[in-house]
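Novice: A single structure is presented below for examination.
The values are calculated or read from the model by the stated rules, or taken from the named source; none is laboratory data. As the structure is a prediction and not an experimental result, all values here were calculated from the model. Ideal geometry is used to build each Cβ from the backbone, glycine not excepted, and the neighbour counts take in all protein chains shown.
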Amino acid sequence: MQHRDLYPHEILQDVIDKSYAKSQGHLKTLAILSFLGGGYVSFGYMAYLKVVSGIPGDWGGLATLLGAAVFPICLICILIGGGELDTTKPFCEVALFNGRLK
């Protein structure tokens, strides 16, 4: 399958379709995925703290740079593991305003 860039109206329709599908999920599944998402973010922050605390303070911004390189691991885990974050909920409002959700 060949991928192509989407036009704005196609992106909007894709957001509406995905938010509708997300709203049709079971509450138990949503709760489990939310706990997984929170756990992944906690794991990423703990990895960040471990890296930052192990670097001497006189090294300046290197600690922040390395910490910023480690933290996105949690976001990758959320994408691969299917965790749920609260930041995806505003997309459901798009479907609500479009009339797809009631």
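Novice: Among the numbered criteria (1) surrounded by fewer than 14 Cβ atoms within 10 Å (Cβ to Cβ); (2) assigned to a helix (DSSP H, G or I); (3) modelled with pLDDT under 85, which one does K102 miss?
Specialist: The single condition K102 does not satisfy is (2).
Novice: Right, here's the next one. So is V94 modelled with pLDDT under 90, part of a helix (DSSP H, G or I) and of a type outside the set (D, E) or not?
Specialist: Taking the combined requirement at face value, the residue satisfies it.
Novice: Any residue in the range 42-53 that is assigned to a loop (DSSP other than H, G, I, E, B) and not β-branched (V, I, T)?
Specialist: No: zero hits.
Novice: Got a sec? Which of G83, G25 is assigned to a loop (DSSP other than H, G, I, E, B) and touching a Gly at 6+ places or on another chain (Cβ under 8 Å)?
Specialist: Going through G83, G25 in turn, the sole match is G83.
Novice: Something else: Which residue pairs have Cβ atoms closer than 9 Å, lie 6 or more positions apart in sequence or on different chains, and pair a first residue in the range 21-43 that is more than 22 Å from C74 (Cα to Cα) with a second residue that is modelled with pLDDT of 85 or more?
Specialist: Close Cβ pairs (under 9 Å, with a partner that is modelled with pLDDT of 85 or more) amount to G25/L33.
Novice: Additional query: Give the residues of the range 59-74 that are surrounded by 15 or more Cβ atoms within 10 Å (Cβ to Cβ) and under 11 Å from the mean Cα position of the chain (by Cα), sorted by residue number.
Specialist: The one that is surrounded by 15 or more Cβ atoms within 10 Å (Cβ to Cβ) and under 11 Å from the mean Cα position of the chain (by Cα): C74.
Novice: If G38 passes every condition in (1) exposed (fewer than 15 other Cβ atoms within 10 Å of the Cβ); (2) assigned to a helix (DSSP H, G or I); (3) not basic (K, R) but one, which one does it miss?
Specialist: (1)
Novice: Right, next: Go through (1) in contact with a Lys or Arg (Cβ under 6 Å, 6 or more places away or on another chain); (2) more than 18 Å from T88 (Cβ to Cβ) one by one and return the number of the condition G57 breaks.
Specialist: With (1) in contact with a Lys or Arg (Cβ under 6 Å, 6 or more places away or on another chain); (2) more than 18 Å from T88 (Cβ to Cβ) applied to G57, the lone miss is (1).
Novice: Mind checking which pairs have a first residue in the range 91-102 that is over 9 Å from S19 (Cα atoms) and polar (S, T, N, Q) and a second that is modelled with pLDDT of 80 or more and buried (at least 16 other Cβ atoms within 10 Å of the Cβ), Cβ under 9 Å, 6 or more apart or different chains?
Specialist: Close Cβ pairs (under 9 Å, with a partner that is modelled with pLDDT of 80 or more and buried (at least 16 other Cβ atoms within 10 Å of the Cβ)) amount to N98/I16.
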